[in-house]
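Everything on this sheet refers to the single structure shown next.
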Ligand SMILES: Cc1cc2nc3c(=O)[nH]c(=O)nc-3n(C[C@H](O)[C@H](O)[C@H](O)COP(=O)(O)O)c2cc1C
């Protein structure tokens with residue numbers, strides 16, 4: 001049995017956030033190990049997207065390593081890229097606990113973390129010591145107390161600190177746990193946000209660094225079409241779809257009542273798979289190849305990843321499946337992709 005196989009029963013008996021903190025504590029010990037090596041992956045898995053070269057199309061989605069504390073570990077697990085964050089410009093605690101719930105029988109996670117963040121300055125400091133040979137993205141958000149009308153100032157403040165330490169930046173306007181954040185997806189709010197960020201990127205002499213936008217799965221088809229046109233016209237580099245969903249309809253009874261009883265938050269994992277895929281397919285059709293897309297949401301095995309790539313996604317990301325399956329999932333997905 002692998003280490004996670006032995007640890008899993010212990011971790012899953014603990015409160016989810018305590019388990020997360022314990023896993024990170026162990027992870028930090030592993031990162032300090034001088035003999036940490038990355039697995040060999042076939043050169044066939046290499047992918048190029050938005051001007052960057054990725055050793056594999058599989059990445060770690062935002063939200064797990066919010067503070068960039070375990071980068072050597074993600075590299076050693078074989079991830080082709082890691083998206084750190086969401087990072088907010090100023091430190092903030094996030095929502096009160098409990099705010100993270102697992103439903104292992106369904107491969108489902110409910111979270112309302114609410115951007116717990118050490119703040120951009122602390123995370124930027126850590127990025128100065130990032131390992132070579134791993135593509136790192138920085139996912140940015142706004143502080144809870146910042147009024148919606150001043151959101152651009154927050155993204156700019158976080159960008160100034162984080163962008164110099166990462167390979168690409170993702171603007172998160174799709175978390176359901178920061179009041180008003182998703183309103184930034186509306187074209188009239190999105191256009192000035194993207195223009196403002198691209199202007200800052202130019203001012204910083206970083207025109208070649210990709211800027212991506214991460215979208216929610218809870219958008220109507222006509223909204224998706226409008227967002228795609230704003231994104232393409234703005235000149236950003238790509239899209240990430242999707243974040244977690246507010247839609248409780250993706251879960252069947254009797255589990256649904258149990259999920260609803262836990263209160264607010266976004267859902268991720270296996271039950272999100274079909275909905276996220278439908279949204280991605282709509283976006284890919286609307287994009288007509290004009291921008292690359294990173295597929296995320298409910299991906300849990302090599303077949304899912306292969307399916308997303310076959311749909312036209314340039315890269316993929318996972319989060320929830322890693323919690324349920326453990327670190328060996330990365331190698332298994334790579335093996336499956338190589339066989340295909
Ligand atoms: C506990 C938790 C925290 C998350 N935090 C963030 C976050 O800070 N920023 C973000 O863009 N996405 C965040 N996400 C969303 C994931 O990046 C991903 O988009 C979503 O979980 C769907 O992928 P999955 O089904 O593979 O988990 C979070 C997800 C979970 C489960």
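Summary of computed values
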{"quantity": "All positions within region 302-314 that are touching a helix residue (DSSP H, G or I) at 6+ places or on another chain (Cβ under 8 Å) and at negative phi", "calculated": "302, 303, 304, 305, 306, 307, 308, 311, 313"}
{"quantity": "Residue count for region 284-301, restricted to those that are in contact with a strand residue (DSSP E or B) (Cβ under 9 Å, 6 or more places away or on another chain) and either free of Cβ contacts under 8 Å to residues at least 40 places away in the same chain or outside any strand (DSSP E or B) (or both)", "calculated": "8"}
{"quantity": "Qualifying residues in region 302-319 (those that are touching a residue at least 60 places away in the same chain (Cβ under 8 Å) and surrounded by fewer than 24 Cβ atoms within 10 Å (Cβ to Cβ)) - the one farthest from residue 106 (Cα to Cα)", "calculated": "314"}
{"quantity": "Residue that is nearest to the ligand (Cβ to nearest atom) [pool: residues in region 103-126 that are over 13 Å from residue 66 (Cβ atoms) and crowded, with 20+ Cβ neighbours inside 10 Å]", "calculated": "109"}
{"quantity": "Residues of region 304-329 satisfying the condition of being part of a helix (DSSP H, G or I) and more than 13 Å from the ligand (Cβ to nearest atom)", "calculated": "306, 307, 309, 310, 311, 328"}
{"quantity": "Inter-residue pairs, beta-carbon under 6 Å, first under 12 Å from residue 246 (Cβ atoms) and touching a residue at least 12 places away in the same chain (Cβ under 8 Å) and in region 258-277, second more than 13 Å from the ligand (Cβ to nearest atom) and in a helix (DSSP H, G or I), 6+ apart", "calculated": "260/248"}
{"quantity": "All positions within region 235-249 that are more than 11 Å from the ligand (Cβ to nearest atom) and either touching a strand residue (DSSP E or B) at 6+ places or on another chain (Cβ under 9 Å) or within 21 Å of residue 295 (Cα to Cα) (or both)", "calculated": "235, 236, 237, 238, 239, 246, 247, 248"}
{"quantity": "Which listed residue, of 228, 232, 279, is within 12 Å of the ligand (Cβ to nearest atom), over 21 Å from residue 322 (Cβ atoms) and at pLDDT 95 or above", "calculated": "279"}
{"quantity": "Residue match in region 86-99 (condition: part of a strand (DSSP E or B) and more than 21 Å from residue 23 (Cβ to Cβ))", "calculated": "yes"}
{"quantity": "Every residue from region 11-54 that is touching a strand residue (DSSP E or B) at 6+ places or on another chain (Cβ under 8 Å) and either part of a loop (DSSP other than H, G, I, E, B) or at pLDDT below 90 (or both)", "calculated": "46, 50"}
{"quantity": "Meets criteria (surrounded by fewer than 24 Cβ atoms within 10 Å (Cβ to Cβ) and touching a strand residue (DSSP E or B) at 6+ places or on another chain (Cβ under 6 Å)) for residue 322", "calculated": "no"}
{"quantity": "Options 192, 210, 217, 179; residue that is in contact with a strand residue (DSSP E or B) (Cβ under 7 Å, 6 or more places away or on another chain) and surrounded by fewer than 22 Cβ atoms within 10 Å (Cβ to Cβ)", "calculated": "210"}
{"quantity": "Sole exception among (1) within 16 Å of the ligand (Cβ to nearest atom); (2) buried (at least 16 other Cβ atoms within 10 Å of the Cβ); (3) not in a loop (DSSP other than H, G, I, E, B) for residue 8, by number", "calculated": "(1)"}
{"quantity": "Selection from region 55-65 of residues that are touching a residue at least 40 places away in the same chain (Cβ under 8 Å) and touching a strand residue (DSSP E or B) at 6+ places or on another chain (Cβ under 6 Å)", "calculated": "57, 58, 59, 60, 61, 62"}
{"quantity": "Residue 114 vs. criteria outside any strand (DSSP E or B) and more than 18 Å from residue 61 (Cα to Cα)", "calculated": "no"}
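The values are calculated or read from the model by the stated rules, or taken from the named source; none is laboratory data. Quick caveat, the model's predicted, so the values are computed rather than measured. All Cβ positions, glycine included, derive from the backbone under ideal geometry; neighbour counts span all protein chains shown.
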